[in-house]
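Visitor: Have a look at the structure that comes next, please.
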Amino acid sequence: VEHVPPRLLPAAAPRSMAAARRLLALLAAIGAGARGERLSAISPHTGGYDEAGELAAAAAQVEALPEFQHAESVRVDRDVSQAQVRLAVLRAGKKLLVPQPALQQGVLSLLDPTKIDPDRYAEAVTEEGIQEFGRPIDVDTKIKVGLVVVGSMAVNPSTGARCGKDLRFANLEYGMLRQMEAIEDETPLVTAVRELQLADKLPEDGAMCDDVPVDIICTPTRTLRMEKSLEKPEGIKWEKIHLHTESIQLLRKLRSKSKAEGLQVEARDRAAWKLAIHDNIEKHMKAEKEHVGREFSVAAAMVEQLPEFAAASWVRVPRGLAQHHIRLAVLQAGKRLLVPQPELKTPHLVLLDPSKIAPREFANAVTEGGMQKFGHPVSMDGKATIDLFVMGSVAVNPATGARLGPRGGLEDLE
């Protein structure tokens, strides 16, 4: 955990940042990065040493595969890390298929090299180019995919088990393509990664990640073929479909089509299933909120008992709900409370002065709305010294103090 750098994904993917940091921390413990290289290189999107050169070399390994040579259509992720593979597909005169964002307008976008000026191939494989030159492929379209190339956060070089992104649309897309008969179990799955992304101890039983496994791994220097392919889903696992994905129109269409063909598309009555899930979530959240609230209250009391707290005049505390009780304790103790501005806006701190807030308003003042109402932005500029700096943590080592923070590196920057 202590070696995970504060910034692992670009601003384009803020929702994935926290999940990626936690995943990378786990990968550090199971073998990825064991050779001492920078862990940031595990992320397919981050820089490092010769990133462009490594990605181009891995793409060249993919291009040299017999499976690539024989394929007429190749499906490739739309990640930046796979741009060189996409370009190789078009230059080889093959049809390029890339996934649609969140599967909202189609399963895939088709880019036909015969309909694109070769001088614009490099432009066509960018995000803007895919939107300009790509044609959406619906679930009713009859296509055959000869090769599937997926990105990976980490992959087991012996088994092909892999961790993809946290959004899980790739798994759903694979199931949809199987159900559309666009791909078969024999359709080879390839991932192009850096050597650092090989994780020898990544489990194959789905305990950590149950993303679709691969048959071939291409790194900048070698090609690894799995001796025995892991089992892949034969179609959509309807029983694992989350409620938020039911809004995907293509998925509803495919469900109706499957029902008409007499296929089992749900494990139990849908309405009862939804109700049971909502009830369980509500009960769990209520119990968890009460339990966690008590724990945070006790932890805040421990902070309040610190000699450092008693001696402090200025105390900086995070904005998160987990630190609510500590913020309240600061004001009740008559100390000036400093909280960070969201996304470190300038000035980057907000001051709540207990001498200017009615005591009956203290509890309200430490809420998100209260901090906006009673706090005012301040620039320290040497005017005062922060005597105690309280930080939030996703996890912390009790022996060393090494920690994994919750704010995507913003706390480190602050």
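The numbers here are math on the coordinates, done by the rules we state, and not lab data. In this text, all values refer to a predicted model and were calculated from it rather than measured experimentally. Reconstructed Cβ throughout: ideal geometry from the backbone, glycine too, with neighbour counts over all protein chains shown.
Visitor: Using only the alpha carbons of segment 109-185, determine the length spanned along each of the three principal axes and report them from longest to shortest in whole angstroms.
Guide: Per principal axis, max minus min of the Cα coordinates gives 40, 28, 22 Å.
Visitor: Additional query: Label segment 319-397 by shape, choosing from rounded, prolate and oblate, from the square roots a ≥ b ≥ c of the eigenvalues of the Cα gyration tensor; if a/c is under 1.5 it is rounded, and otherwise prolate applies when a/b is larger than b/c, oblate when it is not.
Guide: Working: a/c = 1.39, a/b = 1.09, b/c = 1.28.
Cα axes put segment 319-397 in the rounded bin.
Visitor: Taking the Cα centre of segment 117-189 as origin, work out the dipole magnitude from +1 charges on Lys and Arg Cβ and -1 charges on Asp and Glu Cβ, in debye rounded to 20. Before the final figure, lay out the partial values.
Guide: On the way: 8 positive and 14 negative charges, 68 e Å.
My answer is approximately 320 debye.
Visitor: Roughly how many whole Å is it from the C-alpha centroid of segment 62-95 to that of segment 292-363?
Guide: Distance between centres, Cα-based: 54 Å.
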